[in-house]
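The values are calculated or read from the model by the stated rules, or taken from the named source; none is laboratory data. All values derive from a computational prediction rather than experimental measurement. FYI the Cβ positions are ideal-geometry reconstructions off the backbone, even for glycines, and counts take in every protein chain you see.
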Amino acid sequence: MQVVVGAAVVADGRLLAAQRAEPADMRGRWELPGGSVEPGETERDALVREMREELGLPVAVGERLGPDMPVEGRRGMALLLRFYRCTPLDGVQAQALEHLALRWVGPDELDDLDWLPSDRALLPELRAALADSAVAPGEEPALEP
């Protein structure tokens with residue numbers, strides 16, 4: 001079974017959500033960024049690679065969030081989704097290199113997004129992760145346009 005990893009990038013009490021560009025049936029929906037674990041690669045290494053490729057963002061990979069989620073991928077391929085909490089490093093700003101848009105959302109905004117079903121199932125764990133991350137008044141994680 002192919003393992004796919006997703007990153008719950010959390011900073012200052014906010015979560016980084018990414019809006020899908022493709023495939024067409026998922027375009028415009030929101031997800032946690034990530035991708036497939038390549039042969040010989042650990043899940044953590046895959047997340048570090050995927051965050052650089054998709055967002056130009058170096059991250060530190062933390063603990064697992066939520067349970068394993070078996071899902072059906074393209075052409076009926078069985079996938080196993082695993083999510084990890086990640087923290088951005090070095091003050092680098094995330095860029096939408098493969099997505100339509102990026103958005104930092106707080107716990108009260110999570111339900112406002114049209115999440116992919118697998119990501120929506122993780123919302124309780126995401127709320128808990130956000131509760132653990134303090135927001136400085138007047139500060140917001142930076143995004144490049």
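Structure notes:
- Within segment 112-145, the set of residues being surrounded by fewer than 13 Cβ atoms within 10 Å (Cβ to Cβ), within 23 Å of Gln95 (Cα to Cα) and at pLDDT 55 or above comprises Asp112, Asp114.
- The set of residues in segment 96-116 being touching a strand residue (DSSP E or B) at 6+ places or on another chain (Cβ under 8 Å), over 11 Å from Ala18 (Cβ atoms) and either free of Cβ contacts under 8 Å to residues at least 60 places away in the same chain or charged (D, E, K, R) (or both) consists of Asp112, Asp114.
- Candidate set from segment 61-93 (those that are of a type in the set (A, V, I, L, M) and within 13 Å of the chain's Cα centre (by Cα)); member that is farthest from Leu16 (Cα to Cα): Leu81
- Test for Ala128: is it within 18 Å of Ala18 (Cα to Cα), more than 12 Å from the chain's Cα centre (by Cα), of a type in the set (Gly, Ala, Ser) and part of a helix (DSSP H, G or I): no
- Test result for Arg74, surrounded by 11 or more Cβ atoms within 10 Å (Cβ to Cβ) and of a type outside the set (A, V, I, L, M, F, W, C): no
- The listed residue being outside any helix (DSSP H, G or I), farther than 23 Å from Ala11 by Cβ, of a type in the set (A, V, I, L, M) and in contact (Cβ under 8 Å) with a residue 40 or more places away in the chain, out of Leu65, Leu79: Leu79
- Boolean, Glu43 is charged (D, E, K, R), surrounded by 15 or more Cβ atoms within 10 Å (Cβ to Cβ) and modelled with pLDDT of 95 or more: yes
Condition check ((1) under 25 Å from Asp132 (Cβ atoms); (2) of a type in the set (Lys, Arg); (3) over 15 Å from the mean Cα position of the chain (by Cα)) across all residues:
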{"site": "Asp25", "(1), (2), (3)": "no, no, yes"}
{"site": "Val37", "(1), (2), (3)": "no, no, no"}
{"site": "Arg44", "(1), (2), (3)": "yes, yes, no"}
{"site": "Pro58", "(1), (2), (3)": "yes, no, no"}
{"site": "Leu100", "(1), (2), (3)": "no, no, no"}
